[in-house]
Amino acid sequence: MSQSLFQTVGVIGKRRDERVTGTLRQLCALLRQHGREVLVETETARLLPPNSGIEAASREVLAKRCQLVVVIGGDGTLLDAGRSLASSGVPILGVNQGRLGFLVDVRPEDMATTLEALFRGEYIRASRLILEARVRRADGGLSLPWLAVNDVVVRNQAAIRMVEFATYLASDVGDGSGWEFISQHRADGFIVSTATGSTAYALSGGGPVVHPALAALALVPICPHTLTDRPIVVPASRTVRIVLGASETGATMTCDGQIGTSLNPSDAVEIRRSPTDLMLIHPPSYSYFALLRDKLDWGRTPIGNPPKKQP
């Protein structure tokens, strides 16, 4: 057995969810059996017994010391971990303790065989582009960047109120000298999605499934007032700009549906590819199309009795 791969492994569990406790303890035991040093995120470590002997560490420490981080939870847990670890380049393996599991693709009962293969060097490494969003305020201020693995969404905080905005794409020249106008919109909101996020909110909004190997962004209007306002796919090398109308109040920007900030009239949200990608680790049996067939029920015959004929 190779001792050179992933010598120090970090573990992050779903926050405030004691249902991951059993899987967490089993994972730590398996990692120790393989002779790995184990660091557990400080909050997750509270689920372990006080005398476990497992070192608790902050995410900053995990990013510096670990060659691999295993996330136990759902896709939301991995999105949260991904944003905090992406800049370090440490790869992430997801163990599914949630519901759908597009990103966390290892079942708890498969952890032992997956780790054995992993430490033999049998795994798939996948690089996923992530987004960096900044808010350029109407008064000239510029926010710090917000990261998103799945998507950046601009919408109105009121559930049934549309928002008016314009969209632009950075000039293909690449020197930041200009913007190409895309369209004027009236809609419930607007989604800028990565290929990773194309099977999430963007898909529910009518957007396309984008293969994760493509460096592309899906721009998806949410319930547009004009039905011909359709989704479009653009190169990830070009920055997207969303400018709110001068009278728009109550709008907000969210990243991965988890973090965000409020927007003011005439504010602009500028979204570009982050300089760093997120690294994911998959089992050797991983297949993107098998995942789509499983999670989206592609090609399956409907289950159940056919409807009865009307008299």
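Value of Rg to Rh for region 123-232, rounded to two decimals, is 0.98; Kirkwood radius and Rg both from alpha-carbon coordinates.
Compute the acute angle (0 to 90°) between the alpha-carbon long axis of helix 75-85 and the principal axis of greatest extent of the alpha-carbon atoms of the chain; round to the nearest 10°. Around 90 degrees separate the two axes. Overall size of region 45-104 from C-alpha positions, given as principal axis extents largest first: 34, 26, 15 Å.
Run the accessible area of the chain with a 1.4 Å probe and give the carbon-and-sulfur part as a rounded percent. C and S fraction of accessible area: 51 percent.
At full extension, Ala158 and Arg46 could sit 36.6 nm farther apart than now, given 0.36 nm per residue minus the alpha carbon distance.
Solvent-accessible surface of the chain, taken per residue with a 1.4 Å probe and all protein chains present: 49 Å².
For the chain, what are the per-bin percents of Cα-Cα distances with bins 10 Å wide, up to the bin holding the maximum? With 10 Å bins starting at 0, P(r) equals 6, 25, 29, 22, 14, 5, 1, 0. Between Ala200, His185, Ala117, the Cα set farthest toward the positive side of the dipole of region 87-207 (charges on each charged residue's Cβ, about the Cα centre) is that of His185. In the chain, a dipole from Cβ-located charges (positive for Lys and Arg, negative for Asp and Glu) runs towards its positive end, and of Cys28, Gln157, Ala138 it is Cys28 whose Cα lies farthest in that direction. Here the chain is treated with +1 on each Lys and Arg Cβ and -1 on each Asp and Glu Cβ, and its dipole about the Cα centre works out to around 580 debye. Given the options Leu47, Val71, Ser58, identify the residue whose Cα lies farthest towards the positive end of the charge dipole of region 39-94 (+1 on Cβ of Lys, Arg; -1 on Cβ of Asp, Glu). It is Ser58.
Measuring spread by the Cα atoms of region 21-174 yields a radius of gyration and Dmax of 19.5, 60 Å.
The values are calculated or read from the model by the stated rules, or taken from the named source; none is laboratory data. All values reported here derive from a predicted model rather than from experimental measurement. In this analysis, Cβ positions are derived from the backbone assuming ideal geometry, glycine residues included, and neighbour counts consider all displayed protein chains. What goes into the accessible areas is simple: the full protein's heavy atoms, side chains included, and nothing from ligands, DNA or RNA. Shrake-Rupley method; radii C 1.70, N 1.55, O 1.52, S 1.80 Å.
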